[in-house]
Amino acid sequence: MFWLNISKSFVTSVFYFKLKNTTERFCFIFCLGVYIFLLEVSGQMFPGRLRPENVRVTVENQYECLMKKIMPYFNKPYNTELELKQSSAWMILKTLKERLLLLGTEIPDFPVEKIIPSPEINQYRNKDDFSVYYGVDGSNTTVGYLTGTPSLPGCVAVRPTYLTHIKDSHKRLALLFEDYIKKSPYRVCYHFRGGGFWKRLSVRSNEAGDLMAIIITHPYALTKDEMIQERLNLTQYFIRHEPNIVLYHQECAKVDCSSDISSYIQLTGKRSCLLEKMGNFTFQITSHSFFQVNKKAAERMVESIWNWMNVTNGATFIDLYSGVGRIVQYYGESSGE
């Protein structure tokens, strides 16, 4: 059994394939991964979806351009969105089989299960990553999402004001961070070779409304003493506006840095993590944990997986590379172990 989320940004549904044996699974996962990568690179993943770098972003159309990029089905009812995703699932599978057949490889027929709707489609994201970049109004410190590829002309950052799947608390933190860096004496790091300091803001939250923010900066812009002072300034600023926030800082010289490459320095917070309850278990969500961004949809997904597997007591499972271990924990709940 293999599941795939159609849109990497708008996680409100998943569809399923049932595969009979290990050979089929490895064959299909490898081929599908290559195929989807090629679709993404060529811009064909969503037919009719405008290429962001080819759209001229203005003050008047900036929010519409961003919604087309982040929420490609924003102007359609949810039922219609699911129908379009179901059709896309069939077309991806059909095209994959046709192209593999041309290469002399045939994969067996198997059903595409009906998409399971998400219980929540608004303000469901528990993690968001905001970039710091040029704004369409000429500002050089806009915190939001990029409308295109930074290496191509016309790319700007737009605030997530009208993105309905993002929590209001996350939007508020993005504005707070933007206000802070506008008054900062340090420049934004737009490109690694161009210097600068401020890079990104990552925001996490749980169902209880607790907040965590991770500020990512370039490591070579400040001296050791300047960095100590800047961390103190950040701590005082965020505590003044969000007294209970868990705040981290990471210095990263690459696009992304794991905790092994660059550690996360906790600046404030009573805990080092957020607590999230799923089923009978409470998970600790750290600054670098992987946790499904749509909690309620993830619960339905895991429940469906176990129902289809017909698991019996006494079975042993190894949960690898899937985050905090939610899939195996469901087995413990359902079996009473």
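What follows draws every value from the coordinates through simple rules; no lab data is involved. These numbers were taken from a predicted model, which means no experiment stands behind them. Neighbour counts are summed over all protein chains in view; Cβ atoms, including those assigned to glycine, are modelled from backbone coordinates with ideal geometry.
A few points about this structure:
- Placing R0 at 35 angstrom, the Cβ-Cβ distance between ASN244 and GLU64 gives a FRET efficiency of 0.50 after rounding to 0.05.
- Length added when fully stretched, LYS224-ALA315, from 0.36 nm per residue minus Cα-Cα: 27.5 nm
- Centre separation in Å (Cα based) which lies between the stretch 268-293 and the stretch 173-228: 22 Å
- Spin-label model, GLU83/ILE265: points 7 Å from Cα along the beta carbon direction are separated by 5.5 nm.
- Note on LYS167: aspartates and glutamates with a C-alpha under 18 Å away, same-chain residues under 8 apart excluded, are GLU120, ASP128, ASP129, GLU178, GLU207, ASP210, GLU242, GLU276.
- Residues in the stretch 121-155 that a label on LYS182 would reach, taking backbone N under 11 Å of a point 7 Å out along Cα→Cβ: 139-143
- When each of LYS94/LYS277; LYS69/LYS224; LYS69/LYS254; LYS171/LYS224; LYS199/LYS224 is checked by Cα-Cα distance, pairs over 28 Å: LYS94/LYS277; LYS69/LYS224; LYS171/LYS224
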